[in-house]
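> Shown below is the structure under consideration.
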Amino acid sequence: MKLQGVSVIFALIVLPLILVLTYYIHLQVDTLQLQNEFDKKLLDSTYGAMSAFEINTANEDLSSVSDALRTIIEASNNVFFNTLATNLGMSNASKSYLEPYIPALLYTLYDGYYISTPTRTPQFLIDSDGNAVSVGDIGLDVSGSNYSYKEVHTSEESEKNCTNCDATHVKYADYIAMDNAQKSDLQIKYDDLTDVEKENYGQLVYIKKKANKDDPDAYTTNIDDAEYEINHVLKTYMPYSARYKRDNKFDIVAIYTLDNYLSIEGTINNIYYTKSGYFIPKNSVEIKTGPSNLMSYSQDDAKKYIESGQNVEIFIRDKMDENSGNIVRHSGADDIGVKILSGGHGSKAELEENIRVQNNRYSKVTSYLAQINSGSIVLSEELKSQLSNGTGVDFSDINISNHNALNEIYTRLSNAELQIQENLNNTQYELDKLSAVTYYVTASIFSNWIYENLATAGSETYEVLEKDLVEISGQSYKLIKGKLEVSHDFEDSENPVFDIENITNREQLSEVEIEKMKEKSNMEIDVDSPFYSHKLNVIRDSIQYNLNLSMSTYNNMLISNKDYAMPVMENEEWEKILNHVSIIAFMQGYDCGLKNYSNYKIVSSTNNEITVLPREVYYVKQSEFSNEKSDYHRIDCPKLRDMDTSDNTYLSFISKEAKYDKLFDKTNAQIPYKYDHKNLACYECINDGNYLKTDIFDTIDNSNYDTYKNLRKAYYIGVGKSRNNLYKMNAITNSDGYEIIYDKESHVGGIANTSSRNIADIKAIEIVLDTVKSLDSQENVLNFQIRTTYGDELNSNVYTIVPNVTTNTTLRIEVNPNITRESKISASQLIFNNTDPLSAVTSENVKNSIKFVKVIYR
Amino acid sequence: MSDTLITIVAILLAAVLMFIFPLLSVSERSDDISQLSVASATAEFVDNSRATGKITMDNYTKLITTINATGNSYDVEMEIKVLDENIGKKSAWTQGTVIGENVYYSVYTSQIVEVLKDRDGIYKSNGVYKMKEGDIFSVSVKNTNKTLSQTIRGVFYSMSGSDVYSIMAQHSGIVTANGSY
């Protein structure tokens, strides 16, 4: 063959190869580009869902109540699908088209999480008004276990709603024309049913599998025969909870949250406790002014005491000493730490009322200022006195007949405005301190209870270890472990659960860890403490298990036989999820060039009303709060540091308040939103965020430590009050524990049976009395004061009992929180002191009629 | 005479078809593959940064290493449009639906890299540049050297203008969270 021939053949072979290769590589490039586009769209849609969530929580006062939260999440879910559809170039009504591609949407919230996922649900029989039909409803007929249905329009509206009204339906006009007997025939009567049919009376009616609605047996009450369909539903709320159990010693359930708040419910040594509160380091808060035993009050009593406006000064011991390589809490001199004094300016209710009054006054003054600007004002004598009242600015000599007077009014009104703002700021500061002190004192009481009962081993107390864990979010841990590759195995772990006192050497920490420490105080739980890592592992296992479950349900409904498995998330991503309210969106199976798209995106929230992130609390000088000329800052901003002087005080608010305006008047079309923080965002720390941080918690360097006392105080007040004012879903109204020491009817204990704990720990004693007999028939009321045989007056109340009645009387005897007696008590040790010296009823008579004694502990 | 001419033309044609065209084509595919990896690295970098609210030195270095591994040199341009929170909020509103009053100011590559590199200086950034929710982050990557395919194409025809590059990737989006450590 000639050379020309060879070269032609070469070209003929190479050219098509190159062309095919080009095409293939282009396809690959397109696929990748498409995938990047989808990534972006998924992230943006998730962000849209988060924005909807944030805005809705900001505008809903009860946003942290689970029912309100559910609607908010459903709305956010819709926003996600709408945004995704729009982003993918579809109509935003394409939700049902996209649903099969979304295996799950996970919402991790403050104390639990929601999963929105496809679920098989039975199909109910639903009438044209949208109501589910149950046995006994009008139009439903039964024969044995077969049900048939003929819709009856009992109202005109119902007929209008009916979209496929056919001949089988009973029309409204026909229904009206019927006599009572005919009407009653449309409905099945309980008495007419056979025994088998009676069992199902009132049950919901399902559509049978593959049934035609005209069939005489189209419906059933047996859920196993029902037709199922697959819907994206928001599954029930799952708390971050764990159950710990050791023989018959303790059996408790702890509900964790994203921060240091937790609830504990369960039995420890036969005493049933329900407790909730913030968990803070041991001995970090002391009482300097106020009852010396305030810490041994119950949380509620302490809260009441502080909120009544009494002087309470707390001392936060946040100084760390570097001893033997480890950082330990300083227990030395009194001046090391931060003092916060609350009270002396009225009770919480009074302060709140004061703020309300001042706010009204303020809006009045601003509206008059606006009227002056527009040139129309009528200043009545009544108004003059109103304006003078509380502002200290005198208006009495003003006469508005001449033009100069307007200027004068303007000046004085402006002064009044300033004065009111100052009053408001002062009152707000007092209120903040009240809330902060309540936070630290109740948190200490709660934490002390944990340290005493669950973190130290003793005869009546236990140290809860990781191996005691039996359930996570209601699911047996053994089962979870069998199905999941757990990140940390609790089963044989001797690690304590409630241990946060593991402050390590700063030198051992990495740079990033030190930066993390700078952002929070020594009062927060350390990220490397056993408690923190335990909590994270529990939450992680719980989420992973339930997500896996959802994914497997999703797999069952997949038509293609490709299996979808939950992607493995990185540690850094978990860290993010477990510290913030987040939305995680999974997407799978969408056609994407040469392959199917599969990825997930996480968006975390930093501005919402259901958590407090210490880093997102902003501070303003008290005197400059709500002043348009000054800035608000982060606590570690150099600008805040530079303008700090020796006696500065600060007001604070959470980022959400600056980010979203609260809807304050829905009816006002002009100004429905109110921006209540006029301060500007600092360009260094809020708008930009890249600045040299002031380490105000650097407690090792003495000179720094003293310099930043004001700022630390501002931080403690800011974080404390924000947390205290947060509405918590899992909060227990009365944090206490109870023990039944005597129950005559159930043969539990006896009248001489003593409580397992001392009187000092008792909050109240509940006694149920049978008939108290009085021989004097004229005596129709008995009055008693109650004390113990130890001589303690339990309280100053007088209890009234009606004698000779057959009904039971329940007495709740509150125990004075100041009693510190270290002795146990039984019902027989109570003395019922009759206030009527002439009465024949003695203490023994009353005691003989005791039939039930319950001791309520703090 | 005419035979010789045809032979010369045939040799030239054969040379183009047998050597230059395959070479051009292969080098273009090589650019496509570079494009593939640059585009995905850029998208990953941007999406990661805007999901976490922070640009880290680690991620930035990873991006640079990945794109440089294609054998070309690149110009990476970053821009953050920082949302000014003070505008649009403070004026007295006459309507409840004020939209589009946001104002942004921009921060560019050199400023961002300065903070990233500044571990012990005035920022002590620890290699983290923080953004906040609402900022807009965009990155564009272009090759600065002449790739082989560009050189070969240059033999036949030349394109003028400053925007001549064969590998280019761009990705941007809104930052979804306030950055912190």
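Bear in mind that the values in this text are calculations on the coordinates, not laboratory data. Predicted model only: the values in this text are computed from it and were never measured. Here the Cβ positions follow ideal geometry from the backbone for every residue, glycine too, while neighbour counts run over all protein chains shown.
> Stick to Cα atoms and the Kirkwood definition of Rh, then tell me Rg/Rh for segment A:614-725.
Details: Rg = 15.4 Å, Rh = 15.0 Å.
In segment A:614-725, Rg relative to Rh is 1.03.
> In a Gaussian network model over chain B where Cα atoms closer than 10 Å are linked, find which of B:A51, B:A39, B:A15 has the largest mean-square fluctuation.
Its mean-square fluctuation being the largest, the pick is B:A15.
> Treating the beta-carbon of each Lys and Arg as +1 and of each Asp and Glu as -1, no other charges, what is the dipole magnitude of segment A:140-226 about its Cα centre, to the nearest 20 debye?
It works out to roughly 240 debye.
> Work out the charge dipole of segment A:736-857 with +1 on the Cβ of Lys and Arg and -1 on the Cβ of Asp and Glu about the Cα centre, then indicate which of A:V841, A:S823, A:T810 is farthest towards its positive end.
A:S823
> Still on this model: Just from its helices, what would the mean residue ellipticity at 222 nm be for chain A, if runs of 4 or more DSSP H residues each count -39500 (n - 2.57) and the sum is divided by every residue, rounded to the nearest 500 deg cm²/dmol?
Calculated at 222 nm, the ellipticity per residue is -11000 deg cm²/dmol.
> Averaged across the residues of A:689-696, what count of C-beta atoms belonging to other chains lies within 10 Å of each residue's C-beta? Please list the in-between numbers first.
Working: counts 12, 16, 6, 6, 4, 0, 1, 0.
Across A:689-696, the average partner-chain Cβ count within 10 Å equals 6.
> Moving to a separate point now. Which ordering of A:E99, A:E844 is given by a fewest-first count of other beta-carbon atoms within 10 Å?
Fewest to most other Cβ atoms nearby, the residues stand as A:E844, A:E99.
> Could you work out the relative contact order of segment A:140-226? I mean the mean sequence separation of Cα pairs under 8 Å and 6+ apart, divided by the number of residues, in percent.
34 percent
> Another one. With 10 angstrom as the radius, rank A:T220, A:T820, B:T70 by how many other C-beta atoms surround their C-beta, starting from the fewest.
Numbers: A:T220 23, A:T820 12, B:T70 20.
The most exposed by this proxy come first: A:T820, B:T70, A:T220.
> For the pairs A:K467/A:K851; A:K721/A:K854; A:K41/A:K621; A:K304/A:K709; A:K304/A:K744; A:K678/A:K713, note any where the Cα-Cα span goes beyond 32 Å.
A:K467/A:K851; A:K721/A:K854; A:K41/A:K621; A:K304/A:K744
> Could I ask something else about it? Hey, can you list the DSSP H helices of chain B whose Cα span along the axis is 24 Å or longer and whose average Kyte-Doolittle score is at least -1.0?
Those that pass (Cα extent of 24 Å or more, hydropathy at least -1.0) are B:21-52.
> Next question. Based on Cβ point charges of +1 for Lys and Arg and -1 for Asp and Glu, what charge dipole magnitude is obtained for the protein assembly as shown about its Cα centre, in debye rounded to the nearest 20?
Charge dipole of the protein assembly as shown: 1460 debye, to the nearest 20.
> Can you classify segment A:140-226 as rounded, prolate or oblate using the Cα gyration tensor, where a ≥ b ≥ c are the square roots of its eigenvalues, rounded means a/c under 1.5, and otherwise it's prolate if a/b beats b/c and oblate if not? Kindly include the intermediate steps, with their values, before the conclusion.
Values: a/c = 2.48, a/b = 1.34, b/c = 1.85.
Here segment A:140-226 falls in the oblate category.
> Let me know the shape class of chain A, please: from the alpha-carbon gyration tensor, a ≥ b ≥ c as square roots of the eigenvalues, rounded when a/c is under 1.5, otherwise prolate if a/b is greater than b/c, or oblate.
rounded
> Have a look at A:T221, A:V152, A:I207 and report the one farthest towards the positive end of the charge dipole of segment A:140-226, computed about the Cα centre with Cβ charges (Lys/Arg +1, Asp/Glu -1).
Positive-end residue among those listed: A:I207.
> Just the number, please: percent antiparallel of the DSSP beta bridges in segment A:140-226, rounded to the nearest 5.
Details: 8 of 9 bridges.
Once the DSSP bridges in segment A:140-226 are tallied, antiparallel ones form about 90 percent.
> Tell me, A:M295, A:M90 in order of fewest to most beta-carbon neighbours within 10 Å?
Fewest-to-most Cβ neighbours within 10 Å comes out as A:M90, A:M295.
> When a/c is below 1.5 the answer is rounded, else prolate if a/b is larger than b/c, else oblate, so apply that to segment A:241-330 with a ≥ b ≥ c taken from the square roots of the Cα gyration tensor eigenvalues.
oblate
> A follow-up question, please. Enter the Cα centre distance for the pair segment A:426-443 and segment B:1-52, rounded to the nearest angstrom.
Cα centres, segment A:426-443 to segment B:1-52: 71 Å.
> Nearest 0.05, what FRET efficiency do A:E575 and A:S414 give at R0 = 45 Å with Cβ-Cβ as r?
0.35
> Segment A:699-756: Rg/Rh from Cα coordinates, Kirkwood Rh?
Answer for segment A:699-756: 1.43.
> Quick check: the distance between the Cα centres of segment A:173-196 and segment A:766-795, to the nearest angstrom?
Computed from Cα coordinates, the inter-centre distance equals 60 Å.
> Would you work out which of B:L63, A:Y297, A:V29 lies farthest towards the positive end of the dipole of the protein assembly as shown? Charges go on Cβ: Lys and Arg +1, Asp and Glu -1.
B:L63
> Under 10 Å, Cα contacts only: if you run a Gaussian network model on chain B, which one of B:S27, B:S149, B:S158 comes out with the highest mean-square fluctuation?
B:S158
> Using Cα-Cα distances under 8 Å and only pairs 6 or more residues apart, what relative contact order does chain B have, in percent?
Once divided by the residue count of chain B, the mean separation gives 33 percent.
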